[in-house]
Every structure is written in C-alpha cells, then in structure tokens.
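The values are calculated or read from the model by the stated rules, or taken from the named source; none is laboratory data. Small disclaimer: the values here were computed from a predicted structure and weren't measured. Please note: Cβ atoms are built from the backbone with ideal geometry, for glycine as well, and neighbour counts cover all protein chains shown. Surface areas here come from the heavy atoms of the whole protein model, side chains and all, with no ligands, DNA or RNA. Shrake-Rupley method; radii C 1.70, N 1.55, O 1.52, S 1.80 Å.
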Amino acid sequence: MKNGKNLTRTQKLILLSRDLNPKEWLISKKLPDMWLLVHRRTNRTFELWFDRTPTVS
C-alpha cells in the first residue's frame, strides 16, 4: 500500500463536514470522485465518495 499524505486545509474541512476527525486520517489515493483514506494508527482504509451527478438547468 502507498504511504498516506497529510491533508490540506480544504481537505480537512471536507472531512469535518463528513463527521471525520482530520487528525486521524491520511490521503492515500485521490481520484476525481473518490478519496482513499488511511487511518493513522490502525491502517484501516476508508473510501470517501463524492456525488458528481450533473445538475439540470
């Protein structure tokens, strides 16, 4: 598994909005619609999906 990277300020705010503690998670993989997060102590992985459905005007 790849090493996790520290979060940016914007990423920390997104994790807070999803009720996750940003001090406990690292980003392992960042895709346009999904982040793969790794827990700092337990090495448990978590997939954070984003809704990318287009809006109809």
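Can you name the residue in region 11-29 that is polar (S, T, N, Q) and under 13 Å from Phe46 (Cα atoms) and is also farthest from the chain's Cα centre (by Cα) among such residues? Give the steps one after another, and end with the answer.
Taking region 11-29 as the starting set, the residues that turn out to be polar (S, T, N, Q) are 11, 17, 21, 28.
Filter once more, so that each one left must be under 13 Å from Phe46 (Cα atoms): 21, 28.
Values: Asn21: 11, Ser28: 8 Å.
My answer is Asn21.
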Total residues in region 6-33, condition touching a strand residue (DSSP E or B) at 6+ places or on another chain (Cβ under 9 Å), modelled with pLDDT of 95 or more and open to solvent by 100 Å² or more (accessible area, probe 1.4 Å): 1
